[in-house]
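One structure is given below, encoded as structure tokens.
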Amino acid sequence: MFKHALKISTRNLYFCKMLEILYRDEYLIAINKPSGLLVHKSYYAGPADEYAVEKLTNQIGQKVHLVHRLDRKTSGVLLFALDKETLKLISDQFMSRDVEKKYIAILRGWTKEEETIDYDLANENEVIQNAITYYRRLQTSEIDLPFRKHQTSRYSLVEAIPETGRFHQLRKHFKHILHPILGCRKHGCNKQNKLWLQTFNITAMPLHSHQLNFMHPITKENISINASLDVNPEFLEIAKILSFDVSKFI
């Protein structure tokens with residue numbers, strides 16, 4: 001049986017550091033959002049000491065306009081516009097599904113090698129919307145961690161590409177196929193999450209937006225922005241426990 005892992009405290013250090021800027025020109029700026037940092041003030045997420053929008057504004061001394069969102073526990077590429085005209089143009093691309101977003105996640109169980117999940121979801125106002133996610137399995141792991149009637153526990157490292165951008169889409173879709181994201185509370189397996197807390201003292205949700213691809217709304221160049229997993233030390237710790245090789249994402 002595994003020994004209890006030390007609680008990772010390095011995450012809080014990111015709130016004292018400057019945000020990592022992945023891309024910047026006179027129209028757009030992208031950061032590598034640390035896990036645990038709220039994007040903006042939200043009724044659903046509750047209060048926080050600081051927010052990505054305000055932190056970036058203070059860091060560069062210029063107002064920024066949020067283009068899309070990442071959950072509090074999700075790390076990775078977060079894009080902002082530097083003026084309202086650019087905001088409208090790039091937002092239109094997101095709405096028309098012309099922006100490709102790539103995530104990596106660790107799921108409970110062994111998934112299919114690849115799959116497209118086409119399953120409608122309800123938004124914050126209970127309006128039903130079409131939602132589509134494609135994923136492919138990158139690696140699998142089986143560790144000596146008894147769970148329910150099983151003597152071991154199985155996990156998958158996957159890359160997910162949401163074709164739509166619905167509220168909590170990846171978390172809900174992976175729950176729908178019975179392979180929830182590890183550490184997800186609302187749309188996950190609470191018994192498995194409790195097992196990881198008791199065994200490894202880990203409560204993180206290993207979900208990271210590692211790449212964003214789009215056509216620049218002004219220059220018309222093809223832009224590809226990559227975000228290292230370094231801002232999510234608990235994802236790295238979980239990957240180490242499961243012997244997943246995530247070196248290509250660092």
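The values are calculated or read from the model by the stated rules, or taken from the named source; none is laboratory data. What you are looking at is a predicted structure, and each value in this text was computed from that prediction instead of being measured. Using ideal geometry, Cβ is built from the backbone for each residue, glycine included, and neighbour counts are taken over all protein chains shown.
Filter region 152-168 down to residues that are modelled with pLDDT of 95 or more and either of a type in the set (K, R) or within 22 Å of N193 (Cβ to Cβ) (or both) and give me whichever is farthest from the chain's Cα centre (by Cα). So, considering only residues that are modelled with pLDDT of 95 or more and either of a type in the set (K, R) or within 22 Å of N193 (Cβ to Cβ) (or both), the one farthest from the chain's Cα centre (by Cα) is T152. All conditions but one from (1) free of Cβ contacts under 8 Å to residues at least 24 places away in the same chain; (2) at positive phi apply to D118; the one that does not is (2).
If you check L157, L178 for being surrounded by 13 or more Cβ atoms within 10 Å (Cβ to Cβ), of a type in the set (A, V, I, L, M), more than 19 Å from R69 (Cα to Cα) and out of contact with any His (no Cβ under 6 Å at 6 or more places or on another chain), only one passes: L157.
Scanning region 183-224 for residues that are among the hydrophobic types (A, V, I, L, M, F, W, C), under 15 Å from the mean Cα position of the chain (by Cα) and part of a strand (DSSP E or B) turns up L207, L212.
Only residues that are more than 16 Å from T74 (Cα to Cα) and modelled with pLDDT under 95 were counted in region 11-40, giving 4. Any residue at all in region 133-148 that's within 19 Å of R97 (Cα to Cα), crowded, with 19+ Cβ neighbours inside 10 Å and either β-branched (V, I, T) or touching a helix residue (DSSP H, G or I) at 6+ places or on another chain (Cβ under 6 Å) (or both)? Yes, region 133-148 has at least one match.
Within region 143-182, track down each residue that is assigned to a loop (DSSP other than H, G, I, E, B) and polar (S, T, N, Q). Q151, T152, T164 - these are the residues of region 143-182 that are assigned to a loop (DSSP other than H, G, I, E, B) and polar (S, T, N, Q). Can you find a residue in region 94-111 that is of a type outside the set (D, E, K, R), farther than 24 Å from L212 by Cβ and in a loop (DSSP other than H, G, I, E, B)? The answer is yes, given that some residue of region 94-111 is of a type outside the set (D, E, K, R), farther than 24 Å from L212 by Cβ and in a loop (DSSP other than H, G, I, E, B). Restricting region 92-124 to residues that are in contact with a Ser or Thr (Cβ under 9 Å, 6 or more places away or on another chain) and of a type in the set (F, W, Y) leaves a set whose member that is surrounded by the most Cβ atoms within 10 Å (Cβ to Cβ) is Y103.
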